[in-house]
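Structure record follows, encoded as structure tokens.
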Amino acid sequence: MTAKGRGGAFHEGWASNTAIFGQKTSPLRPGSCNNFKIVQIGAREIDAGMKTPKVFQAGAGRRTKSGKVAIAAAIALSAAAFLRATDPGPIAQLRERTFDAYQRLKPRPYGDYPVRIADIDEASLAALGQWPWPRTRLAFLVKRLEELGAAAIVFDVIFAEPDRTSPQHLATDHDYGDQAESQRIATFMAQFPDHDQVFAAAIEQAPVVIGFALAARPNDRRPVVKAGFAFVGAKPQDVLSRFEGAAASLDLFEKAASGIGGVNLSASDTPDVVRRLPMLFTDGNKVYPSLAAEALRVAQQQKTITVRGTGASGEFALGRSALLDLRIGSFHVPLTSQGEVWLYYDHDRPERYVSVQDIFQPAMDDKIRPQIEGHILFVGTSAAGLLDVRSTSLGQLVPGVSIEAQVAEQILGQTFLFRPDWANGAEILGTIMLGTMLTCLLLLLRAEYAALIGALIIAAWNGASWLAFANFGLLFDPIYPSLGALLAYLTVIGVLYVASDRDRKFVRQAFGQYLAPELLAKLEQTPQMLRLGGENRPITLMFVDVRDFAAISESLTANELVEFINRLLSRLTSAIQAELGTIDKYIQNCIMAFWNAPLDIADHQARACRAALKMRTALADLNAEDAFGFRRRGLGEVRIGIGINTGVACVGNMGSQQRFNYSATGDVVDTTARVQTGCKQFRVDIVISDDVAGAASSLAMLEGGGMNLKGKSRPVKLFALVGDEQAAMSAEFKELRRHHMQLLATIEARQSAEAADALVQCRLLAGPLLSSFYDRFEERIHEFSEPIRLIAAK
């Protein structure tokens, strides 16, 4: 194969990369890119000085966003803390239902405590008659329980009215028609004992406790206080809510009873579930015990109940007086600040009940004595018709008397639930801490990681609450702090979403005209990668110039010129963005672009070179199609010159607060503009600097020699970019590069004959596409050789 043939084959292999070699160039004036103006590309306006609310400095956007997040989180947490401090009903219910759930998971373990319920059940009503029973029958019940050894007999009943079945009441309450007959019947009835007196006598002979209730309306009735009280620290009269009226048993019963206690449930509880039971009551003057407290006192044959409050030795008040605990004989009872005990339920069990029907039958003594002797017997009813039914935290419906019995069991077993007075403050603080932690996580980590770690933190908080309950009986609310933190989290997410959406809009507005779509999408997803405001970073710059633009402008009307620029720059821009380049600005017939900003591009030098090759191909296609109509006008083909250089530049937003441009500045920018003028000197369409050639050595390029640049003390070595990696690997190009290096060496040594031979080989291998490039080398050889020899060589 001849050298000419080899050159033709080589031309066919990389013609797309060398289609416009040898075009004339005009120098691009250094610094001319600073005088840019709006041009039209397609149907959109390109304004390099786009308007925006403010100029973002490095880190300023993040600081502003962090400040907004902190403010939003603070507002959300303050609202959550305020709501928790006011503790409206729904929040309190949510907390207490959580405690109910804990009890269902771990109810109080059952123990065979000396507490039983003398149950007026359905069987007892069937055997002994409907309720209310005559007081003589209750007197018999008291005697039987006393005979069986009950430590205390506690009536969950108020005997506020006389027994209507007493003979005296029967004689006076009925009209027998004849006055004499009525008198005779009354005299006859008077011979029988009064039922109330019989019952009072039985009460007096046994350790009996009867109840009283707080009245809904004020009255002057007050129960008798049987228990003595010793107060240490804050007094109940100064802490408890005062009642204004009471419903108490008849005086003869109160005088005979060993103890009198209140049967009211907590005013803090809703009607659906009983969770607390008051242990003390006050009318502002005296203190009254609860039925359960009196049962324990009487069973232990104690005289006094000791009540301890804040202000006692070693205790202090958290802003207000509160009750702490009480002691009944040998048993300590922790209290809430309002003198209540938290109910820790065991399941309702049949072994807790003794039917009154069995108690009335002496034949059952051997069976029931172990359940009564030495026990506290609460007398109440489980009969459905008597409507004394309550709901427990375990979700069970139980007789009201069962709650009194379970409180007594708790005290005897010393198994309590505690909710310290400072628990509310701790939960508010926990809400703030959890919310703050989640906010910090969102600012430091990606949302999914923050959510995962936040979920683990909330789970740990809930786990700690459960462990505190399961191991120590402590009641700390895990739900509201978690919800409060979640509220803060969602608030922060919302603020970040809005801020991110604004960031995305800003990024799209600021960079949509400059970046490739895939880079723009990445920048929108990770705006933290964008460091605006000016930073020094290595970049690769490209300057593109349209040759003979002045002549073109003179040949076209204003509208035709705009249409020409739009079509040409659109295709060239697509080539740049296809290689992830950033458009800096359009300068009439020029483009300034760079790589590796605002996002990192690993191979930015090679990408800039490949973009230039794509622009060469795009322009060749446009000329072949006569897309500009220049062929019809006799204007010739459109030519461009491209210069590529790499170095460190300052990149960022430049301009005023009202108008700015994301641009690069520095010596490397001016140098690149002058490198682009090398296209004219070396008579090629793409020239690259020595630094770019070293970083993109896999591409096909040929050294053009040194060029003196203004402001540089030494010449800058430039290369002609010939083709891509595939062209560089071809045998033809490798042979061309070998002869080209020989040509450079012989010219440097001023060996005219050898240089002329090398030039001939280069022309044969390169073909006509690099003829103008090698014309320059011929001129250099002319300087030290005979023209006739060179002409002959041609």
*May I ask for the Rg/Rh ratio of the stretch 603-646, computed from Cα atoms with Rh as the Kirkwood radius, given to two decimals?*
1.13
_Counting C-alpha atoms alone, how compact is the stretch 385-448: give Rg to one decimal and Dmax as a whole number, in angstrom._
21.3, 64
*Dipole of the stretch 228-318, Cα-centred, from +1 at each Lys and Arg C-beta and -1 at each Asp and Glu C-beta, to the nearest 20 debye?*
280 debye
*For the stretch 369-502, build the convex hull from the C-alpha positions and give me its volume per residue in Å³.*
159 Å³
*In square nanometres and to one decimal, what's the mean projected area of the convex hull around the Cα atoms of the stretch 570-706?*
9.7 nm²
*asked:* Out of all Cα-Cα pairs in the stretch 267-415, roughly what percent, to the nearest whole number, are more than 20 Å apart?
replied: 56 percent
*Estimated D of the stretch 707-768 in µm² per second, where Rh is the Kirkwood radius over Cα pairs and Stokes-Einstein applies at 10 °C, 1.306 mPa s*: 120 µm²/s
*May I ask for the distance between the Cα centers of the stretch 648-724 and the stretch 601-616, given as a whole number of Å?*
13 Å
_What figure, in Å² to the nearest 10, do you get for the accessible area of LYS680 with a 1.4 Å probe and non-protein molecules left out?_
100 Å²
*Given a 1.4 Å probe and the protein chains all in place, what does the accessible area of LEU622 round to, in Å² to the nearest 10?*
0 Å²
*Report, in whole Å, the centroid distance computed from the Cα atoms of the stretch 355-418 and the stretch 560-587.*
92 Å
*asked:* Using protein chains only and a probe of 1.4 angstrom, how many square angstrom of TRP131 are accessible, to the nearest 10?
replied: 80 Å²
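Run the accessible area of the stretch 192-318 with a 1.4 Å probe and give the carbon-and-sulfur part as a rounded percent.
Here it works out to 48 percent.
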*For the stretch 89-130, what is the charge dipole size about the Cα centre, in debye to the nearest 20, if Lys and Arg each add +1 at the Cβ and Asp and Glu each add -1 at the Cβ?*
380 debye
*Which sequence of GLU725, GLU579, GLU754, GLU204 reflects their accessible areas, 1.4 Å probe, from the largest down?*
GLU204, GLU754, GLU725, GLU579
*Leaving ligands, DNA and RNA out of it, report the carbon-plus-sulfur percent of the accessible area of the stretch 349-420 at a 1.4 Å probe.*
52 percent
*Expressed as a whole number of Å, what is the distance separating the alpha-carbon centroids of the stretch 458-490 and the stretch 282-303?*
36 Å
*Could you work out the Rg to Rh ratio of the stretch 230-280, with Rh taken as the Kirkwood radius (inverse of the mean 1/r over all Cα pairs)?*
1.02
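Hey, how much of the P(r) for the stretch 671-794 falls beyond 21 Å, as a percent of Cα pairs?
When all Cα pairs of the stretch 671-794 are counted, 39 percent exceed 21 Å.
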*GLU448 versus ARG221: modelled label distance in nm, points set 7 Å from Cα along the beta carbon direction*: 7.0 nm
_Could you sort HIS347, HIS604 by their accessible area in this structure, using a 1.4 Å probe and putting the largest first?_
HIS347, HIS604
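The values are calculated or read from the model by the stated rules, or taken from the named source; none is laboratory data. Quick caveat: nothing in here was measured; it's all calculated off a predicted structure. Using ideal geometry, Cβ is built from the backbone for each residue, glycine included, and neighbour counts are taken over all protein chains shown. Ligands, DNA and RNA are excluded from the accessible area calculation, which covers all protein heavy atoms including side chains. Shrake-Rupley method; radii C 1.70, N 1.55, O 1.52, S 1.80 Å.
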